[in-house]
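A short worksheet on the structure shown next.
The values are calculated or read from the model by the stated rules, or taken from the named source; none is laboratory data. Fair warning: this is a prediction, and the values are worked out from it, not measured in the lab. Using ideal geometry, Cβ is built from the backbone for each residue, glycine included, and neighbour counts are taken over all protein chains shown.
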Amino acid sequence: LSDGGSEQLRKIEELKNGIEQKNEIIILKTAQTEEIAKTAGDNEKAIADNVSLTNAAEKRISEINKSIRELTEAKEKFSADLARQEERKGSAEGQTEKIISGLWDKYEMTRSEAKERAKP
């Protein structure tokens, strides 16, 4: 072969080697792209799972807050009822003391003496 022909063969070989290297890079990049796509898919699933868990947790928190409000309302109602009952108790005790005092003032009788006399 002439020098021009061998030069062309050498260039062809260089181009073939370059193409082969580029094809290897393409294969490597394709594999990397597929791995990235798989990771992205896994991440999207994990995000969806986390969103689902977050929604469930927020629903449970809402239910707990509702229960807390209901219990607080019941406690406040109970406290108000207790205060009324304590007031009634105080009033009844005051009336009892007034009656006992009246028994003594009018009849010079103690409570136990009045109970004894009241028996049939």
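Here region 1-19 is the region considered, the condition is being loosely packed, with under 10 Cβ neighbours inside 10 Å and part of a helix (DSSP H, G or I), and the residue that is modelled with the lowest pLDDT is Asp3. Checking each residue of region 49-71 against the condition of being under 30 Å from Glu113 (Cα atoms) and among the basic types (Lys, Arg) gives no match.
For region 66-120, which residues satisfy the criterion of being of a type in the set (Lys, Arg) and part of a helix (DSSP H, G or I)?
Start the filter on region 66-120 by keeping residues that are of a type in the set (Lys, Arg), which leaves 66, 69, 75, 77, 84, 88-89, 98, 106, 111, 115, 117, 119.
Within region 66-120, Lys66, Arg69, Lys75, Lys77, Arg84, Arg88, Lys89, Lys98, Lys106, Arg111, Lys115, Arg117 meet the criteria.
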